[in-house]
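Notes to accompany the following structure.
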């Protein structure tokens, strides 16, 4: 069986959970270029994915990507 690519992992995660953050992508899959995979999913595969910046109190902001079916 063929191993999932990083793009496959992100696509699958979004379809199952509906959202992913840069922090989750790294901690779960060791993916550091989440924004590039989101770009591919949006502009090549035409998935409807919104994003927003999360600004926690510690000042280390990060992106949240939401998949809209």
**Complete:** Nearest 10, in degrees from 0 to 90: the angle of helix 34-43 to the longest Cα principal axis of the chain is 60
**Where labels lie 7 Å past Cα in the beta-carbon direction, separation of residue 46 and residue 2 in nm** = 2.2
**Prompt:** Using Cα atoms only, what is the angle between the long axis of helix 6-17 and the major principal axis of the chain, expressed in degrees (0 to 90) to the nearest 10?
**Reply:** 70
**Fill in**
Restricting to Cα pairs under 8 Å and 6 or more apart, the percent relative contact order of the chain works out to 33
**Prompt:** Of the labelled options (1) 11.7; (2) 12.4; (3) 13.8, which one gives Kirkwood radius over Cα pairs in Å as computed for this structure?
**Reply:** (2)
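Only the coordinates and a few stated rules stand behind these numbers; no lab work does. Just so it is clear, the structure is predicted and the values come from calculations on it, not from any experiment. Note that we place each Cβ from the backbone using ideal geometry, even for glycine, and neighbour counts take in every protein chain shown.
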